[in-house]
Amino acid sequence: MLGPVILAASRSDRMRRLISAAPVTKQVVDRFIPGETVDEIVPIVRELTDRGLELTMDVVGEDITTPEQAESARDAYLALIERLRTLELGTRAEMSVKLSMFGQALPGGHELALANVRPVVEAAAAIGTTVTLDAEDHTTLDSMFAIHEELRRDFPQTGCVIQAYLFRTEADARRLAGAGSRVRLVKGAYKEPAEVAYQQKHEIDKAYVRVLRILMEGKGYPMVGSHDPRLISIAQELARQAGRKPDEYEFQMLYGIRGDEHLRLAAEGHRMRVYTAYGTDWYGYFMRRLAEKPANLRFFARSMITRG
C-alpha cells in the first residue's frame, strides 16, 4: 500500500530535498546506483562482465525541462558509448534510455526525442551493441512505440520495454513478438490509474505470465525483467515449452538486488543482464526502487534509523 505514496513522493521537490539531505542517503543509494560518472562506472562494468554477467546501462535523469538538457542527456550517452568502445564488449554491454530524458515531454517532444536518441542508437550500433527504449507512464507509450518502430527501420536490433500491469500490454506483445524483435517485459513501476492498469499484485503476476507466454511463443527475443523467483521459474518452463535454447532469451535484474541470483543464473548457462544505472540525478530512479519492493524500503528505513 505504500507503493503509490512513494511514487507520489518521487515527484515531490520537498521530499527530494529532505531525502537528498539525509546523511545516510548516499550509502543506501550506492546499493542501487554504483557511480555518478563514466570513470566511476567502468570498473563496475569490468567486474560484472568478468563474472559472466552482461549489462544494460542507464544514465539516470528524467526531469528534463529544456532542449539543452535533452542534448546534454544525449551527450552523456555518447560519452558512455565512447568508453564502452575501448572495452570491446559488444552486446555484453548495451544501453537503456528513457525518452523523457531526450525531451519527449517538451513542446515538439516526439520529434525532439527521436532526433536526440537516433545518434545514440547509431553510435551503439557502431561499436557492436544496441539500445533498449524504457517504458514510462502510459501517456508516453504511443510516442515511444512509434519511435521504436522508426529506429528499427535502420537498426532492427533496437529493443523496447512493455509493462505487464497495463491492460494494453497483451496486444502490444502480440504486435512486437515478430522475428528480430527484442522486448523486455517488466511488471511496471509507475503509478497508473485503475482505468488503464491492474492494481493488485496477483492480477499483475497473472498478466505477466500471459504476456511472457506470448513473447516466448513468438519469433523475437524475450528479455525477462523480474526478481520474482516464481516468475523466473515460470519463464524457464515457458522457454522449455517453446523450444528455446538458453541464448534465445535472457533474464534481467537490477544492480543491487538479488546479486547471488544473478550469478546463479549465469553459472547455469543463462544470459543474465544487470540493469546498471549511474549519474547524479538519481532521485526518481531510487524512489521507484523503493516503491517496487517493500524489502528495499525496509532496508532504507533501517539504515536511516541506525545512522540516526
- Note on the structure: Filter segment 150-183 for residues that are surrounded by fewer than 19 Cβ atoms within 10 Å (Cβ to Cβ) and touching a helix residue (DSSP H, G or I) at 6+ places or on another chain (Cβ under 7 Å); the one that is farthest from ALA242 (Cα to Cα) is GLU150
- Here the residues within segment 130-158 that are under 16 Å from the mean Cα position of the chain (by Cα) and outside any helix (DSSP H, G or I) are THR130, VAL131, THR132, LEU133, ASP134, ALA135, GLU136, ASP137, THR158
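A quick yes/no check of all residues on (1) without any contact (Cβ under 8 Å) to a residue 60 or more places away in the chain; (2) not in a helix (DSSP H, G or I):
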position: ASP58; (1), (2): no, yes
position: ALA73; (1), (2): yes, no
position: GLN104; (1), (2): yes, yes
position: GLU111; (1), (2): yes, no
position: ALA115; (1), (2): yes, no
position: VAL121; (1), (2): yes, no
position: GLY128; (1), (2): yes, yes
position: CYS160; (1), (2): yes, yes
- Query: Which residues, taken from segment 215-237, are open to solvent by less than 10 Å² (accessible area, probe 1.4 Å) and in a helix (DSSP H, G or I)?
  - Reply: LEU215, MET216, LEU231, ILE232, ALA235
- Task: Working only within segment 127-139, note down all residues that are open to solvent by 30 Å² or more (accessible area, probe 1.4 Å) and either touching a Gly at 6+ places or on another chain (Cβ under 8 Å) or farther than 15 Å from PHE167 by Cα (or both).
- Result: ILE127, GLY128
- Top-ranked residue in segment 240-283 [being without any contact (Cβ under 8 Å) to a residue 24 or more places away in the chain and in a helix (DSSP H, G or I); ranked as surrounded by the most Cβ atoms within 10 Å (Cβ to Cβ)]: GLY259
- Specify the residue that is surrounded by the most Cβ atoms within 10 Å (Cβ to Cβ); the eligible residues are those in segment 37-65 that are modelled with pLDDT under 85 and of a type in the set (Asp, Glu). GLU62
- Long-range neighbours under 9 Å by Cβ, at least six apart or interchain, first residue farther than 16 Å from ILE232 by Cα within segment 197-219, second part of a helix (DSSP H, G or I) and not aliphatic (A, V, I, L, M): ALA197/HIS138; TYR198/LYS206; GLU217/GLN241; GLY218/ARG174
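The values are calculated or read from the model by the stated rules, or taken from the named source; none is laboratory data. Everything numeric in this text was worked out from a predicted model, so none of it was measured. Glycine also receives a Cβ, built like all others from the backbone with ideal geometry; neighbour counts cover every protein chain displayed. In case anyone asks, the SASA skips ligands and DNA or RNA and just uses the protein heavy atoms, side chains included. Shrake-Rupley method; radii C 1.70, N 1.55, O 1.52, S 1.80 Å.
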